[in-house]
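K.L.:
The structure under discussion is supplied below as structure tokens; questions concerning it will follow.
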Amino acid sequence: MAERSDRAAREPSFPLLRQTQLSSYLTQEQLSELEGSLRLSTRRLGAAVFRQRDRAEALFLVLEGAVELRVRPPGRRMYRTVEVAGLGCTFGDESILEGQRYLFGARALEPVRLLVIPLTRFEALAKSRPEVALGLVRCAGTCLIQTLRPGPA
């Protein structure tokens, strides 16, 4: 399921962190530390990032492109779009919030570049550098608030 190009695997992620909302919550030093816990991943148009009810094993940050978050309600045949995660947004938050399964599926609406933090690395970070883990949680929360906040009347 994971698609990673050789170029993407070699490319340093730290400069890419500056494109995300994480830079609002973490210092440059903390971003440098976080870099060691991240990996860069790419998906082609239409490719799945994960499927609904897959084990929630990672948190994702969108660096480029857009990812459709969709759910298939019980007893229904069709999927329904819940949200579109764009530049700087997180998704897969269930992984760090004690969720054992993703509540929705995620697929690329266009070619995407993602920063991925596996749950095991997040948990290690939460023990060794709780302020960095808290910055990740705050970033994820900000994305959720922006999604749920009503637009101007």
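K.L.:
Count charges around Leu125 for me, please; just the other residues with Cβ under 12 Å from its Cβ, Lys/Arg as +1, Asp/Glu as -1.
P.N.:
Once positives and negatives cancel, what remains is -1.
K.L.:
Search the structure for amide H atoms under 5 Å from the amide H of Phe50, placed 1.01 Å from N in the peptide plane, and list their residues when 5 or more places away or on another chain.
P.N.:
Amide H neighbours of Phe50, under 5 Å, 5+ apart: Ala106.
K.L.:
Further question on the same structure: Just the projected area, averaged over all directions, of the convex hull on the alpha carbon atoms of the range 6-144: how many nm²?
P.N.:
So the Cα hull casts an average projection of 8.0 nm².
K.L.:
Given an 8 Å cut-off on Cα distances and at least 6 residues of separation, report the relative contact order of the range 6-144 as a percent.
P.N.:
The normalised contact order for the range 6-144 reaches 32 percent.
K.L.:
Taking the Cβ of Ser95 as the center, what net charge do the other residues with Cβ under 12 Å away carry, scoring Lys and Arg +1 and Asp and Glu -1?
P.N.:
Here the count lands on -3.
Read-outs throughout are calculated quantities, based only on the coordinates presented, and are distinct from any laboratory measurement. On a predicted model such as this, the values are computed, not experimentally measured, just so you know. Every residue, glycine as well, gets a Cβ built from its backbone with ideal geometry; the counts of neighbours run over all protein chains shown.
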